[in-house]
Amino acid sequence: MRTTVSIILLSLLAACGGNPCDDYVEYLCECDEENCDSLQTTYENADADIQDECSAQLDDAEEAAQACSEDESSGEDEAESEE
């Protein structure tokens with residue numbers, strides 16, 4: 001009985017966790033808008049192995065997206081100060 005309950009709970013947690021590739025693609029698209037559609041198509045129905053890869057690379061992608069958005073905002077600030 002405990003085993004069955006444990007398996008059900010783990011299954012529910014995995015199902016509610018979502019697809020880490022969705023977040024991964026969102027971060028990649030922040031720096032690479034031209035290829036965003038292609039990235040979304042590639043990772044759209046990712047299997048478990050691909051989701052593991054996305055999850056492993058998620059932190060790096062988030063850092064890159066933050067750096068990208070900081071670069072864009074500093075470029076906008078410079079353009080505004082030139083006007």
Within the range 33-68, restricting attention to residues that are under 13 Å from the mean Cα position of the chain (by Cα) and farther than 21 Å from Gly18 by Cα, which residue is surrounded by the fewest Cβ atoms within 10 Å (Cβ to Cβ)? Gln66
Within the range 15-30, tally of residues that are at pLDDT below 90 and more than 13 Å from Ser55 (Cα to Cα): 2
Of the residues in the range 37-53, those that are out of contact with any Cys (no Cβ under 8 Å at 6 or more places or on another chain) and among the polar types (S, T, N, Q) number 4
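The values are calculated or read from the model by the stated rules, or taken from the named source; none is laboratory data. Everything numeric in this text was worked out from a predicted model, so none of it was measured. A quick note on method: Cβ atoms are made from the backbone with ideal geometry, for glycine too, and the neighbour counts reach across all protein chains shown.
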